[in-house]
Amino acid sequence: MEKNDNSAKPDYKRIYKDIINMKFPDKMDLCKVLFEKEILSTLDIIILNKIVFGINDENNESINNKYKVYSRQDIYNILKFQKTEFLNNTQLAKHFKMSRNTITKWKKMYRI
């Protein structure tokens with residue numbers, strides 16, 4: 001019997017499409033490329049959230065960062081981004097609004 005990892009995940013594509021259709025129909029064109037993807041990554045969802053709701057104030061941003069969860073593929077993409085853009089841990093942490101310690105931990109765990 002195979003496990004279906006997507007069974008426990010919310011259908012973010014459908015959720016964001018409904019929100020955009022109901023409240024922000026003018027933003028549908030900006031999100032079209034993301035909706036064409038078969039599976040949305042965590043980073044795609046964060047981008048969608050920024051497009052739809054705009055940038056949060058610092059208070060909400062810090063609260064929301066506590067509940068972010070990244071898959072291995074997302075972690076790999078973030079660390080790959082660091083290499084391609086020649087960023088150090090501090091710059092990468094600032095770009096993705098996360099802790100430098102988290103990035104260091106990921107680099108040790110995945111040896112990238």
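A short reminder: the numbers here are calculations on the coordinates, not readings from a lab. Nothing here was measured: the structure is a model prediction, and the numbers come from that model. With ideal geometry, Cβ positions are generated from the backbone for all residues, glycine too; neighbour counts draw on all protein chains shown.
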Query raised in the report: What ranking do Y76, Y16 get, fewest neighbouring Cβ atoms within 10 angstrom at the top?
Result: Y76, Y16
Query raised in the report: Based on Cβ point charges of +1 for Lys and Arg and -1 for Asp and Glu, what charge dipole magnitude is obtained for the range 9-55 about its Cα centre, in debye rounded to the nearest 20?
Result: 100 debye
Requested in this report: Mind scanning K37/K80; K17/K68; K32/K80; K32/K107; K32/K105; K37/K68 and naming the pairs with a C-alpha gap bigger than 29 Å?
Outcome: K32/K107; K32/K105
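Mind checking Rg over Rh on the range 9-55, alpha carbons, Kirkwood formula for Rh? Mind showing how you got there, number by number?
Details: Rg = 9.7 Å, Rh = 10.6 Å.
Result for the range 9-55 is an Rg/Rh of 0.91.
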